[in-house]
Structures are given as C-alpha cells and as structure tokens.
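Since every read-out is calculated from the coordinates, none of them should be taken as a lab result. Since this is a predicted model, take the numbers as computed values, not measurements. As a convention, Cβ positions derive from the backbone with ideal geometry for all residues, glycine included, and neighbour counts pool all protein chains shown.
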Amino acid sequence: MNYKIRRNKLYDLLGNEGILFLCSGFEIKRSADDNYPFSVNRNFYYLTGIDQHDSYLVVDLKTRNEILYVLDNDEKLARWIGYYYTHEEAKKISQIEKIASSNNKDFYKEVFNNKKVFLDLEENELLGGLNYGKFFQKIALELNANIIIKDVYNDIIKLRAKKDDEEIKEIKNAIEITNLALQSVMKNMKLFKNEREVQAHFEERIFSLAHATPAFQTICGNAKNGTTLHYHENNASLEKDSLILLDLGARINYYNADITRTYPISGKFTPMQKKIYQIVLDCNKYIRQIAKPSMSMKKLHEESVEFLANACLKEKLINNYDEIKDVYFHRISHHLGLDVHDPMGRDTILEVGNVISNEPGLYFSSLGIGIRIEDDLLITENGCVCLSDNIIKEIADIEKFMSE
Ligand SMILES: [Mn+2]
C-alpha cells in the first residue's frame with residue numbers, strides 16, 4: 001500500500017497550517033488482566049499501515065514534517081507479549097522517515113502547545129463515552145486553553161470512500177477466499193446437523209486457506225432464523241427441507257468481504273422457496289444493472305423497494321404495496337472497505353471507486369423463509385462491476401453444485 005500518497009492527499013485537503021495528531025488506539029481492558037483483542041483505529045491504519053496500540057502520527061502541515069511515535073521494545077516484556085515493531089520496521093511499513101518513542105508522552109505537550117491542531121473526532125464512542133479524538137481534545141484543552149481544534153474525520157472518510165487498486169485487490173482476495181469456503185460448505189451441507197457446524201466449517205476453511213478471520217460475526221440461520229437480520233445464535237438444528245441463510249465474509253489485512261448466500265439444506269429448492277428466491281435474485285441483478293456514479297444510495301434503495309414490492313404483488317406474496325415493509329425492512333446497500341460497514345453513510349452519492357454491498361432480501365417468518373443475496377459492487381465509470389460474480393447464485397447452478 002502506498003501510505004505516503006494517501007497522507008499527501010489528506011494534507012492537500014487540510015491546507016498548510018497547524019499540526020495533525022492521530023492515534024492508533026489503546027488496549028482496552030475486558031476483565032482483570034484480560035484485554036479485548038486490539039482493533040486498530042481504521043483511519044490511522046489507512047494512513048500508516050501501522051497495526052499496533054499506542055502509535056501516533058504527528059505532522060506539521062506547514063513543512064509536512066512527519067513523525068511516527070511507536071512503543072519501545074523491552075526485552076523482559078517481550079518475553080511475555082512478544083516484540084513491538086522496531087523503528088526500522090515501522091519506517092518500512094509506514095514510509096515515514098522519522099520514528100520516535102511513544103513510551104514517554106511528553107510529546108503531547110509539545111503538540112498541543114500549537115495554535116491549531118487537527119484531531120479525528122469520529123462519533124463512535126469508545127473508552128466509556130469518549131473516543132480517541134475527544135480523549136485527546138480534553139487533554140489538549142487542559143494543556144492549552146486557547147488551542148483551535150479542527151476535526152479531520154470527514155476528510156479521511158472522504159479519501160477512504162474511493163478505493164485504490166491495491167485496496168480493490170485486497171477486497172477481491174477476501175471475496176475469493178469467502179467463495180472457496182462457501183463452496184466447501186455447499187459440498188458438505190449433508191453432513192451438518194446444526195447451524196454451528198456450518199459456521200465452524202466456514203471459519204475453519206477461511207483460516208486454513210488464508211489465515212483469514214471472520215469479517216464480522218458469521219450469520220448462519222436456517223428456516224425461520226433466516227428471517228432475523230442479525231441472527232447470531234447459530235445453534236439450531238438444521239431442518240432438512242429448509243433454507244439456510246449465510247451472511248459472512250473473510251477479513252484479510254483488515255479488508256473485508258461481505259457476502260450473503262441462501263442455500264437449500266437438502267440441495268433442492270421447494271417450489272415456494274424457488275419463487276421467492278428468484279424474486280430476490282432478480283432484484284440483486286437489477287440493482288447491479290442500475291448502480292452507477294452520481295446515483296444516490298437512497299435512490300438505489302428506493303429502486304430495490306419498488307422492484308421487490310411489484311414482484312411480490314405479482315406473485316401474490318403480499319396483498320398491497322405497503323406490505324413490502326413487513327418483508328423487506330433493511331437498506332439495499334452500505335459502503336465496504338476497512339470496515340464492513342465503512343462509515344460513509346448510507347445516503348451518499350455514488351462515485352467511481354466506491355465499493356458497496358448489494359443485498360436485497362425477503363423475509364416471510366410465517367413461511368419460515370428468509371432469503372438474502374448479497375454481492376459486493378465496485379462503482380466504475382460506466383456503472384459497476386460485481387466483485388463477487390464468481391460466487392454462484394442461480395438456482396440451477398446451486399442445485400447442480402450441491403448434487404455433484
Ligand atoms: Mn452487508
């Protein structure tokens with residue numbers, strides 16, 4: 001990844017006055033001496049590639065002098081928790097020349113003595129009501145009551161929304177690993193007796209194939225469980241004539257696949273399942289046809305509602321147009337990238353380089369049928385390409401693949 005290019009783009013947006021101060025995040029305590037697994041601040045990671053707690057990027061926007069602060073190695077501590085990046089490693093990854101120690105926090109004082117400082121004041125709350133930006137805002141104001149604090153969050157998000165070629169390669173790779181694992185799930189479906197086994201099989205495959213972790217909590221819901229959007233229990237017995245809805249993905253280098261497929265557990269769809277599945281599939285294909293630059297995500301969503309409502313009316317699955325709300329009650333799309341739900345908002349105007357999900361669904365809990373078909377789209381000059389085209393979704397293809 002060329003982090004230097006990304007940083008320079010950000011500096012261009014911020015102008016040449018003030019100091020930029022970003023932090024990778026801290027280790028957060030779970031209980032006693034147990035911490036949550038460290039999850040790096042994605043904006044920091046996007047700009048530096050550094051995946052280690054207590055790391056800081058400090059930039060003088062006037063001179064563009066960059067300093068990366070990372071933790072020192074301590075031989076005794078390393079025997080317990082392993083080594084941190086050496087300065088050479090940190091320099092190589094981040095493409096930042098000047099590396100310094102973050103063990104001593106005296107540099108806070110130096111930074112916040114400046115007139116104007118840019119912080120990432122994202123709204124997500126961590127640290128008990130605070131987030132990193134607000135945590136440092138508080139420190140800054142304590143050290144310098146006259147400091148002018150500017151928020152850099154939206155500028156970074158704007159850059160992250162447009163994926164570069166390397167990012168698209170990462171996402172494609174995550175999707176391909178997800179595809180291989182899903183194929184293995186389909187081939188072995190007859191062996192599974194419980195949703196948990198399906199989850200375990202998928203997660204074992206992505207780990208073995210690419211040392212990938214799940215991009216988010218894997219969803220494996222069969223029969224009526226498939227009608228719960230974020231079903232996480234994954235512990236019900238499989239009903240042999242039911243469908244199983246799998247919303248899952250692999251994460252590699254923090255880039256995520258977000259895929260949903262719905263399969264017949266027996267390998268064959270019933271006529272009713274086929275009918276509803278085909279509507280969702282047609283909607284998925286329709287959205288793929290119309291998604292293009294300058295279209296709003298709101299419009300894309302409205303198109304999906306209209307498509308599904310008309311098709312359900314035609315097939316007498318609903319009695320009037322408004323009933324579509326009962327069987328399709330989520331948005332068609334979100335941005336995807338370093339976060340599974342990349343934080344660009346769901347009503348943005350599509351631009352070349354955006355990667356978004358395409359996930360129509362229909363949920364009839366009274367029939368025990370929940371179907372979602374989710375692909376990942378890359379917005380291009382002429383429309384979009386489906387990055388997950390290789391993951392089969394036609395009824396005939398699925399039935400054939402599962403019977404072989
Ligand atoms: Mn999704």
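Filtering segment 139-190 to residues that are polar (S, T, N, Q) and in a helix (DSSP H, G or I) leaves Asn154, Asn173, Thr178, Asn179, Gln183, Ser184, Asn188.
Asp376 satisfies every condition listed in (1) within 16 Å of the ligand (Cβ to nearest atom); (2) part of a loop (DSSP other than H, G, I, E, B) except (2).
Scanning segment 139-182 for residues that are touching a residue at least 12 places away in the same chain (Cβ under 8 Å) and over 22 Å from the mean Cα position of the chain (by Cα) yields Ile139, Ala140, Leu143, Asn144, Asn146, Ile147, Ile148, Ile149, Lys150, Asp151.
Of all residues in segment 300-344, those being surrounded by fewer than 16 Cβ atoms within 10 Å (Cβ to Cβ), of a type outside the set (Asp, Glu) and free of Cβ contacts under 8 Å to residues at least 12 places away in the same chain number 8.
Here is the figure for segment 221-240: residues that are closer than 21 Å to Tyr328 by Cβ and in a strand (DSSP E or B) total 2. Against the list (1) crowded, with 21+ Cβ neighbours inside 10 Å; (2) in a loop (DSSP other than H, G, I, E, B), the condition Tyr46 fails is (2).
Inside segment 358-382, residues that are over 22 Å from the mean Cα position of the chain (by Cα) and over 30 Å from Lys268 (Cα atoms) make up a count of 2.
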